[in-house]
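Report on the following structure.
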Amino acid sequence: MVRAREPQDSLVSSMNFSTFAPLLAAGLAAWFLILVLIPVSHAFGMVDQPGGRKLHIAATPVAGGIAMWFAAVAIGFLMLDPPPSFAAFGVGAGIVTLIGVLDDRMDLPWWSRIGAQILAALAMLHIGDVRLLQLGELFGNGVVNLGPFGVAFTVFAVVGLINAVNMVDGVDGLAGGLTLVSLVLLALLAASSGHTVMVGLMMPLIGVVIAFLAFNFRFPWQRSAKVFMGNAGSAFLGFAICWAAIRVTQSSATAVPAMLAPWIVAVPLIDCLVMIARRLLRGDSPFAADRQHLHHLMQEAGYTHGGISMALMGTAVTLGGAAILASNYGMPDWMLFVAFLGLLAGHFAFMFDRDHAVSRLRRLRAALRHPVLARD
């Protein structure tokens, strides 16, 4: 497979103010919408109450999802000349965001959410023709073309990634931070392969996530999140990553290996797959909520919200960046595939015994002795 090896100076020279203007505009629009929706959320009971598995201490508005979706789509159409694939993104993202809003308000059954996610994937497929066509040279003997199975694989990818982002949304700043890492890496891949249209379309997405994190991440001047994304936000972000990853890796305009996609979303994807496997082994539903995710174990081991988010974002950057570098230097797809399976197996082994996992995480925190990890 031909690898993208564009000169770095072409990447830098193609970036100017007009490239980042949609990012700034979408960020400002999302920031303003969140400010407006905070009192609206309180008035209509769209707040996440503490208690049970939820460790926040105050009722928190669930306004991030609808604000990010509206700002990203509106700025995309107002400031860019989007292709049909962006209209497909707007429709599909709208479906999962709006069902997420209803779920945040009324706690819908799981099958209604999955149904909406399948509908959104089909809208992306049939309106924008955004679909998985091939998986790369997974076995070293030629490209694995999906053919008629492409529709099923695409729907599975959309549903899987939406739920992976939802499952990792348990610590202030974590889901938004991991999404930001994935979107930036995908934008860099698109830019380095000359896919300038896709770079432009991703700018509003990056902008709205940054704006949301300004309200959701913990800073020295902001000791807890002011806004949550809710199921609407996690569905929007999962759909956005999947749409962008398919556009970047499956387009004839690029030479980006498809096998890079799982590495770019490695942290939420691996955590999701391992949790589903563990629940099935226990005889539980894969959709049963619990506090067994990696970020929950890190909390129990004494890590702070900010420490967890930064540590896992750093892990995401390391894994995604290492895979991109390895691919650019000639590592074949099958080796990336085997390495990913090894990482998945290693995480499963680490998480298999919960008490041992917490103990190891506690020892690691003590060894690091970093103040950001040690206190809120």
Scoring only Lys, Arg, Asp and Glu (+1, +1, -1, -1) among other residues with Cβ under 13 Å from the Cβ of ALA301 yields +4
Ranked by how many other beta carbons lie within 10 Å on average, peptides 228-238, 200-210, 263-273, 28-38 from highest:
228-238, 200-210, 263-273, 28-38
Please report, as a whole percent, how much of the solvent-accessible surface of the stretch 89-202 comes from carbon and sulfur atoms (probe radius 1.4 Å).
69
The chain: longest stretch without exposed trypsin sites (Lys or Arg not before Pro) (DSSP loop, at most 12 other Cβ within 10 Å), sites themselves excluded?
54-222
Whole-percent pair-distance distribution, where bins are 10 Å wide, for the alpha carbons of the stretch 16-159:
11, 28, 31, 22, 8, 1
Please compute the Cα-Cα pair-distance distribution of the stretch 271-346 with 10 Å bins starting at 0, giving whole percents from short to long.
16, 35, 34, 15, 1
Taking the chain and dividing mean pair separation by its residue count, relative contact order in percent (alpha carbons under 8 Å, at least six apart):
23
Share of alpha-carbon pairs per 20 Å distance bin for the chain, given as whole %:
29, 61, 10
Rolling a 1.4 angstrom probe over the protein chains, ignoring ligands and nucleic acids, what is the accessible area of ASP81 in square angstrom, nearest 10?
140
For GLN134, which sequence-distant residues (separation of 5 or more, or a different chain) have an amide H within less than 5 Å of its own amide H, given hydrogens modelled in the peptide plane?
LEU146
Considering only VAL248, VAL159, VAL144, give the residue with the highest GNM mean-square fluctuation for the chain, with springs between Cα atoms whenever their separation is below 10 Å.
VAL144
The stretch 315-354 to the stretch 261-297: how many Å between their Cα centroids?
17
Residue of ALA43, ALA120, ALA187 that the Gaussian network model of the chain assigns the largest fluctuation, springs spanning Cα pairs under 10 Å
ALA43
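The values are calculated or read from the model by the stated rules, or taken from the named source; none is laboratory data. In this text the structure is predicted, and so the values were computed from the model without any measurement. Because the Cβ atoms are built from the backbone with ideal geometry, glycine has one as well, and the counts that use them run over all protein chains shown. Protein only, heavy atoms only, side chains kept; ligands, DNA and RNA dropped before computing areas. Shrake-Rupley method; radii C 1.70, N 1.55, O 1.52, S 1.80 Å.
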